[in-house]
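Below is one structure; the comments refer to it alone.
No value in this document is a laboratory result; all are computed from the given coordinates. Note that the structure is a prediction, hence the values are computed from the model and not measured. Virtual Cβ from ideal backbone geometry, glycine too; neighbours counted across all protein chains shown.
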Amino acid sequence: MMSDEWGESENEWHSLLPLRKVPTAPGVIGFVNVPLNTGDVRAFKKEMGRLLDDPFGVADRLDEFLGSSIYTYEDLMAILRSLFNKEEREMIKQAGIRDWDRCNPQGTPGDQKWPSSSPSWNAQIEDGRRNMIDLRNIIIQGIREAVPRGQNISKAFNECQGKEESPTEWIERLRRSLQIYSGTDPNSPVGEVLLKTQFGAKSWEDIRRKLEKIDDWQDKSLQELLREAQKVYMRREDENQKLQAKVLVAAVKEFQRQEQASASEERVMMVGAKVDPFRVPVIENVEIESENKVCLGNLLLVEEADYNLLGRDMIITLEISIIVKSSDLVVKMFKLTEKDEADINPEVWHSKGKVGRLEIDPIHIALENPEDPIRVKQYPIPLEGRKGLKQVIDDLLKRGTLEPCMSPHNTPILAVRKADGSYRLVQDLRAVNARSRTRFPVVANPYTLLNRLTPEDVWYSVTDLKDAFWTCPLDEKSRDYFAFQWEDPDTNRKQQLRWTVLPQGFVESSNLFGQALEHLLTQFTTKEGTKLLQYV
């Protein structure tokens, strides 16, 4: 009956109790229900978007919101009941079952995978958990397929690239519009032609002018056009960077009168409260006096400033606390004493070029159909991006975080430019994540954690673990799953590299690290009156 499936009242909240993996006896792991804050679901509904307007976006956002937890039949029905109306739920169910039957013609029928009443699946056995995971996947796919795709090409292409929108974000938005409004597969030959035409015609003016100058640009591949557009976009970013000060703003008139402090003839461009860029002189050998003299190096002199200005990184370097008290700003500096430093194990500090390792057995990664290699072609990376990644990759090779290999698997990498002009190595592991057999995440509920604190707890400290995932070693076989192709910009030599540790971007990295850390912390004894809260 429909009332069994959706509940008698659509406004009636079901207690959300996703499953968490916990030890139930020595050597025995079981699953228990842990309350989920229903207020988060209500808040998510405001950000989710409308199903009829963006079914793919709604599906992706809901999938991300659910995370890697395992939800029971009752949980999923309650979530659907709170997010969608009755007609939308029926559309999602019919589309999800239809897609399941199409993809699994020899498997369990879709109406058994999504029954009309509670099937009482047992979370303590593998089959029960598998049914819960399958139902969640059917729901997500049902959301994607719930809205019939029309044939409205004009609506699909009724938008232009934003000035600050990167070419990759722009092409992805075009792909989604084509899927939603035209019913055309963007990866088909027809879809690629439509995308290419719209990409060239509706790009931002500087990119459009560049593409129009290319001979026979209509005959170029979409990747070639995207590469040219990316060059224009990155050059625009470089020009913006030149307008920003290369030195931290932290200067005052009084510094000019300091002994040994003098303004140089050099002037640098900066942007501040004036909004428009302007040039200021550099002051050299500036010192700030507290209990000890702290040399801050070269600063900027802003003659119009009436007060001392300290930049954020300088505040952090000096360990300054700024407190508002009775309309005044009170500045406090807390220094570690020699006794404090003696009590701290020197091994806890991060040092450049050094990566710690957890004393755990190498982690094994389980993939579905491991005999079938994961092969995704490497994206084109501009020469500037490869040069930016070279130092990063060379350092990781020296540390042993990366190593050369010959793997049947391959997934692409990206060179992501950071605000300071350097590059971050990012690997697109979506294909690996899709094949991963995820473990149930043991993630503490932040609300439950904070309830452990009492009014008597007045001092707090946060330990930030540097490159945490890289402290977890991978076993030999699992390393091949995370291989990628690297072309050295100096020698143009191509080779495969792989991670020897848990990589960033892998769906299980956070969960696996959290479990390993929690196991190690069971051997740690806190001092009396101290509470240790772990949240990964």
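Output the pairs from 213/494; 202/387; 231/390 with a Cα-Cα distance over 22 Å in this structure; if there are none, say none.
Details: 213/494 32 Å; 202/387 31 Å; 231/390 19 Å.
Pairs exceeding the cut-off: 213/494; 202/387.
Be a star and scan the stretch 446-489 for residues whose amide nitrogen sits under 17 Å from the point 7 Å along the Cα-to-Cβ vector of residue 394. Correct set: 486-489.
Between residue 366 and residue 235, what length comes free when the chain is fully extended (0.36 nm per residue of separation minus the Cα-Cα distance, one decimal in nm)?
Result for the pair: 42.9 nm of gain on full extension.
Remark: the stretch 372-388, residue by residue, has Karplus-estimated 3J(HN,Hα) of 8, x, 8, 10, 10, 5, 5, 6, x, 10, x, 4, 4, x, 5, 5, x Hz, where x stands for each Gly or Pro and the curve is 6.51 cos²θ - 1.76 cosθ + 1.60 at θ = phi - 60°. Sequentially through the stretch 508-516, phi angles give Karplus couplings (6.51, -1.76, 1.60; θ = phi - 60°) of 9, 4, 4, 5, 5, 5, x, 5, 5 Hz, Gly and Pro residues having no value and appearing as x. Fewest neighbouring Cβ atoms within 10 Å first, the residues 458, 280 line up as 458, 280. Taking the Cα centre of each part, how many Å lie between the stretch 357-374 and the stretch 474-535? If we compute the Cα centre of each part, the gap is 11 Å. Exposure proxy for 481, 423: other Cβ atoms within 10 Å of each Cβ, ordered fewest to most, give 423, 481.
Taking neighbour Cβ counts within 10 Å as the exposure measure, how do 54, 361 sort from fewest upward?
Lowest to highest Cβ neighbour count: 361, 54.
For residue 172 and residue 438, what is the calculated FRET efficiency with R₀ set at 35 Å and r taken between the beta-carbons, to the nearest 0.05? Computed FRET efficiency for residue 172 and residue 438 comes out at 0.90.
Computed 3J(HN,Hα) for the stretch 113-127, one whole-Hz value per residue from the Karplus formula 6.51 cos²θ - 1.76 cosθ + 1.60 where θ = phi - 60°, is 6, 10, x, 7, 9, 4, x, 6, 5, 8, 6, 8, 10, 4, 4, glycine and proline marked x.
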